[in-house]
Structures are given as C-alpha cells and as structure tokens.
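Let me begin by presenting the structure, written as structure tokens, before commenting on it.
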Amino acid sequence: MTTAAGPAATSVPLVELRDVHKTFPAARGGTPVEAIRGVDLSVEAGEIVGIVGYSGAGKSTLVRLINALESTTSGSVRIGGREIADLKERDLREVRLGIGMIFQQFNLFRSRTVWGNIAYPLEVAGVARAEQNQRISDLLHFVGLADKAHSHVDELSGGQKQRVGIARALATEPSLLLADESTSALDPETTQEVLSLLRRVNRELGITIVVITHEMDVVRSLAHRVVVMEAGRIVEQGPVVQVLSDPQQPVTRRFVSTIVDDEPDAEALAALHARHPGHFVKLAFRGDEVRQSDVFAELLSRDVRFELVYGGIEEVQGETFGNLTLALDGDPAAVTAAVAAVADLVPTTELSR
Amino acid sequence: MNLDTNIGELWPLVWQGAYETLYIVAITLTLGGILGLLLGLALYVTRRGGLYASRATNLVLNVVVNFFRPIPFVIFIAAVQPLARVVVGTGIGNPAIIFALTLAAAFGISRIVEQSLVTVDPGVIEAARSVGASRLHIIRTVVLPEALGPLVLGYTFIFVALVDMSAIAGVIGGGGLGNFALQYGYRQFDAVVTWTAVVIIVALVQVVQLAGNVAARRIMRR
Ligand SMILES: Nc1ncnc2c1ncn2[C@@H]1O[C@H](COP(=O)(O)OP(=O)(O)OP(=O)(O)O)[C@@H](O)[C@H]1O
Ligand SMILES: [Mg+2]
C-alpha cells in the first residue's frame, strides 16, 4: 500500500469531466429529467473533494457518471486520462474495479459475513485465494473490525457496517473512493468515527476521495475542496476555508450558514434591536490579517460603547475566521466616525433596522 | 355413519399411492422449479430498472404467464394433453400428469420467484456493479443468494400446491394418494379410507412446511 499526504498536483487530473450532460428519458407521461447540465470538474490525485447540494441537485448522478454506473448523454469523462464515455461494458467493469464506492445505506450483502463482503470484489477481480485472505485480514485491521470477521452484517451497528463498506470498497486497492452520503444514516459520534477513518484512507493510503453530502460539517472536517451543485450545475467551488469564509452564491451562503454564523436574519435582527440600543455593524474577520484586539481598541479609543450581539469565530483546518455583529452606542457623530475607522481595518457591513 | 371399511386390505395401495404422490411431486418440483426459476429470473431482470431492463420482453413474458397461470388445473390437463402425447409419448398416466404439472408449476413458480427477487435491495446490486461484477455474475452471486430465504419459502409453498394439484391425476389415469382416496374412499363410501389418505397427505405437507420454515429461518437469520 502506498502512502501520500494531502493533495499532490499532477499534470493529469485523476478525474476530469468536460461539459457533461445527463438527461434521463421521460417516464411514462412525464418529461425528461436533465439531471446534469454541463458540468466541468477536475479532481486531483490525493485530494478530498466535497460535493454539496440540496436534494435533486444531481450529486448522486454525478458520482455515478464518474464510475460509469450511469452513461453520459454528452460530454467527456476521463479517469486517469482515459476517456470512459464510450467504453464497452466489459472495459467499464475494469474501470469500476479501480474505483471504490460507499453508500448511505451501506449496501452490504446480507447473505455474506463481514469477511465474505470484503472478499466479494476480490473474487470479481480474480485475485488468488491466498492473496485475498492476506488483503482481507489487513483491511479488517485497518478499519478496526478484526474481531468481527465472521459476524453476519445484521449483527453490526451502523458505524461498523459503514466500516465494512469502506473495507469492501478498498479491497481492490482503488485510487479513487466515491462516498455518497456515507454518514447521513449515522449519529454524530459515529459520523466522526467514519470521517476520521476516511481521513486515514486519504492520508495513509493516498486514496483520492469524493464525498457527497448535504452536511456542511462533513465538508468542514474532511474535505480540502468543496463543490456546490444546484439544479444539475456546479455553481461554486474552491478550497473549503475560502468558500466557508466568503461564500458567493445564495445556495452556498445557505449551506455555510448551517455551520457558520453570518449575520442575523431580519427576524433575529428585529429581536436584537428591541433588546440592544444603538447602531449595528457586522465585522468579517478573515485569517490572521487583522487582530480583533486592534479593532476593539480602535472602538474604545473613540468613546463608543459596544456590545457583541451575534456571531462567532470559526476554526477550519487551522484557519480562523468569523463574523461578529456589534451594537455600537454613543454620540451619533462618534459612532459614524468609529464605523468608518473600523471599516479601514476589516470588511464592515452596516445592518440597518 | 357407515364405518364398514376395507382399509385392512388396502394398505399396500396406500403406500403405493403415497410413493406415487411423492415421486410425481418431486419430479415436477425439480423440472418445473428450474423452468419457473428461469422464467421468474427473466421476469425480474427485464423489469424497469432491472439488470437487463426491456419493456418489450417484460411485456411479452407477463402476457404469457398471465395467460396460462389462471387456467384451472383440471382444464389445463385436458388442454395440454395433445402436447403431452408429442413430448412424453402419451396423453394418460403418470408421465402425462407430470408433464402437465411441470408446465403449470413453471408458470406459478415464475411469479413466486419474481416476487422473491424483487425483495432484494437494489442497493446491493448497485454495490456489486460498482466493483465491476458482470450482470450474470451478479445474478448468481448476489441476486439469488440474497433472495434465498423467500425462495425457500416460495418453493415450500409450491410443494404444497403440487401435492394439492396432483390429487386430480386420476382424471387421466394418473396415480397417487389423491387418486387412491377418490377411487377407494369416496366412490366406495369408505370414509376411513378417505381419511387415511387425508391424514397422510396432511402429515406430508406439515413435515415439508416445517422443514421449509426452519431452513428459511436459518437462512434469513444471517
Ligand atoms: N434513474 C433515474 N431515472 C430518472 N430520473 C432520475 C434517475 N436518477 C436520478 N434522477 C433524477 O435526476 C435528478 C438528480 O438526482 P440525484 O439523485 O442525482 O440527486 P441528488 O443530488 O443525489 O439528491 P439527493 O440529495 O436526494 O440524493 C432528480 O430529479 C432525480 O429525480
Ligand atoms: Mg443522492
């Protein structure tokens, strides 16, 4: 097994989609569904990409195009530089062998034991029995289920099932792992266990991971890069810290707001105004460029009283950022001058009543 | 109630009948079971979203199965008699009844197989596809093993139905316990003979049903 750490830029992306479209033919009496409408996406070897979007955005369809469980209507899909859009079924099976996939509902074979589940892809790949045994045993240790080898899958907890799913997906030593809502059926604690296992898969085995999720928390704690989908298109993408700290699209902002406090919405603002006198401003701290103490010192030096009424500081992958809403109180002229001075230090938004 | 009975002299015929019933049912269950399995698999894989999805094929298969399945067995026997003469060389006796039962069983079993297979979670089929398994391989290594519990119950059910259907064999000169009961019990007004046959049939059915239930439970426990 190979080792690698973090994203490594190579000349050829591991996955490269160019202007990909996917239209499902109309069901009886319905209209065709344009699930993917012109997607360009590159995934570099070694990185973890999170794909977020609301239900029906086309996330599952997109990953199913990557491992050719679904064929494109038009456009190009390259895996390791090889075009798969017009391969025959037999060649596609070979491509799939090099791509692992894990599922929200685990999709384990109930007719097989834990061991038998992990053996399945190896049997399909025609790996010799002795090597199978060695690999299954290694994988069981890797996912921490060595003592469950001969259990039936119904005897496992959700988190254990997903770890079996991960072991099965890794059996053929793929270079890419696709995870479709892999933690959505798990409780928060088990989710963290599975996420840290996926992190190890990436760090220790050097496997590239594409995770689909609607939980921003998964993106924050796991992904290097995030891709936001809406109605079959990619509407925004970038490094996780950048997108979380400065979301551009409305859909992205809604996702980010589930884990990062931005500014109070109209209702919260009205309630805050009722309780706090003064003028409201939102300060956006990004990285270590500006220290909060400098900003507060500035306000204090101007004889303006202030209170922190909303917001918080986030720490994402070693970077700190936050949005703080302050209520400024004092002589109106002094407040105006203070806001102007603060705006020179950090991005400042005035929140009107 | 008249309890005069000839059962004392008829025991050899009872065992002969029981043997013939078992033999007719065993052969039809094997042959009809295989045909029905293939037909049921075809119905299943050609469904919408199936491994070999094909609306046209699925429609044709459904029309054929729906055409033959509701025909009452006693009429079915008469209807396929000419075909039996061609295939097994005779239109009467046990070979003819086995032929008719096998065909009828195949249609019935196909539906039971189809119903068992649709209980397989499409997710596990997707998982098998995602590791590069071929469709035939998936049918053999995923679809059938995952549906084994319901299949065992379905085949047990069919065994019981075949015992029931085989009782009518007498109309074309076939044997078995059913025929024995009609001939020596019902027609001779010998209630003891009739009930002897009934008890043996019930015991046979109970034993097989019990075995089927136990087997299915052990399979599904996994
Ligand atoms: N096999 C199919 N046949 C027809 N339409 C489909 C098929 N698969 C997906 N769709 C449609 O394509 C669109 C995108 O579906 P997809 O499953 O990719 O969404 P998603 O982003 O994964 O949503 P979710 O978060 O609910 O899983 C939906 O409108 C869906 O109904
Ligand atoms: Mg989905």
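Tabulated data for the structure shown
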item	result
Among (1) within 30 Å of A:Leu139 (Cα to Cα); (2) away from ligand 1 (no atom under 13 Å from the Cβ); (3) in contact with a Leu (Cβ under 7 Å, 6 or more places away or on another chain); (4) not hydroxyl-bearing (Ser, Thr, Tyr) - the single one A:Leu97 does not satisfy	(3)
Boolean, A:Gly98 is at the interface with another protein chain (Cβ under 9 Å from one of its Cβ atoms) and either surrounded by fewer than 21 Cβ atoms within 10 Å (Cβ to Cβ) or out of contact with any Lys or Arg (no Cβ under 6 Å at 6 or more places or on another chain) (or both)	yes
Which listed residue, of A:Val39, A:Val52, is within 16 Å of ligand 2 (Cβ to nearest atom), more than 14 Å from every other protein chain (Cβ to nearest Cβ) and in contact with a Phe, Trp or Tyr (Cβ under 8 Å, 6 or more places away or on another chain)	A:Val52
Count of residues meeting criterion [in contact with a strand residue (DSSP E or B) (Cβ under 6 Å, 6 or more places away or on another chain), more than 10 Å from ligand 1 (Cβ to nearest atom) and not β-branched (Val, Ile, Thr)] in the range A:48-70	2
Criterion violated by A:Glu215 - all others in (1) within 16 Å of ligand 2 (Cβ to nearest atom); (2) farther than 23 Å from A:Ile313 by Cβ; (3) not small (Gly, Ala, Ser) satisfied	(2)
Some residue of the range A:18-26 being more than 16 Å from ligand 1 (Cβ to nearest atom) and either within 25 Å of A:Ala167 (Cβ to Cβ) or not small (Gly, Ala, Ser) (or both)	yes
Tabulated pairs, the range A:238-250, first in the same structural domain as A:Val52 (by TED's automatic domain parsing), second aromatic (Phe, Trp, Tyr), C-beta under 6 angstrom, 6+ apart or interchain	A:Ser245/A:Phe321
Search result, residues across the range B:164-196 that are among the aliphatic types (A, V, I, L, M) and either under 22 Å from B:Thr90 (Cα atoms) or at pLDDT below 85 (or both)	B:Met165, B:Ala167, B:Ile168, B:Ala169, B:Val171, B:Ile172, B:Leu177
Output for the range A:65-95, where each listed residue is within 11 Å of chain B (Cβ to nearest Cβ) and surrounded by fewer than 22 Cβ atoms within 10 Å (Cβ to Cβ)	A:Leu69, A:Glu70, A:Glu89, A:Arg90, A:Asp91, A:Leu92, A:Arg93, A:Glu94, A:Val95
Residues of the range B:144-159 classified as facing chain A (nearest Cβ under 10 Å) and in contact (Cβ under 8 Å) with a residue 60 or more places away in the chain, total	2
Strands (runs of 3 or more DSSP E) contained entirely in the range A:271-353, each with at least 2 residues that are among the hydroxyl-bearing types (Ser, Thr, Tyr) and at pLDDT 85 or above	A:348-351
Positions within the range B:187-218 being of a type outside the set (D, E, K, R) and part of a loop (DSSP other than H, G, I, E, B), in sequence order	B:Gln188, B:Phe189
Helices (runs of 4 or more DSSP H) contained entirely in the range B:57-136, each with at least 3 residues that are more than 14 Å from every other protein chain (Cβ to nearest Cβ)	B:73-79, B:81-88, B:93-117
Selection status of B:Leu10, surrounded by fewer than 18 Cβ atoms within 10 Å (Cβ to Cβ) and at pLDDT below 95	no
Hits in the range A:154-176 - residues which are polar (S, T, N, Q) and either crowded, with 21+ Cβ neighbours inside 10 Å or more than 12 Å from chain B (Cβ to nearest Cβ) (or both)	A:Ser157, A:Gln160, A:Gln162, A:Ser175
Filtered residues of the range A:101-144 (kept if out of contact with any Lys or Arg (no Cβ under 7 Å at 6 or more places or on another chain), hydroxyl-bearing (Ser, Thr, Tyr) and within 25 Å of A:Glu204 (Cα to Cα))	A:Ser137
Residue match in the range A:123-144 (condition: within 14 Å of another protein chain (Cβ to nearest Cβ), within 16 Å of ligand 1 (Cβ to nearest atom) and either within 29 Å of B:Val120 (Cβ to Cβ) or at pLDDT below 95 (or both))	no
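The values are calculated or read from the model by the stated rules, or taken from the named source; none is laboratory data. Just so you know, these numbers come straight off a predicted model, no measurement behind them. Methodologically, a virtual Cβ is constructed for each residue, glycine included, from the backbone with ideal geometry; neighbour enumeration extends over all protein chains shown.
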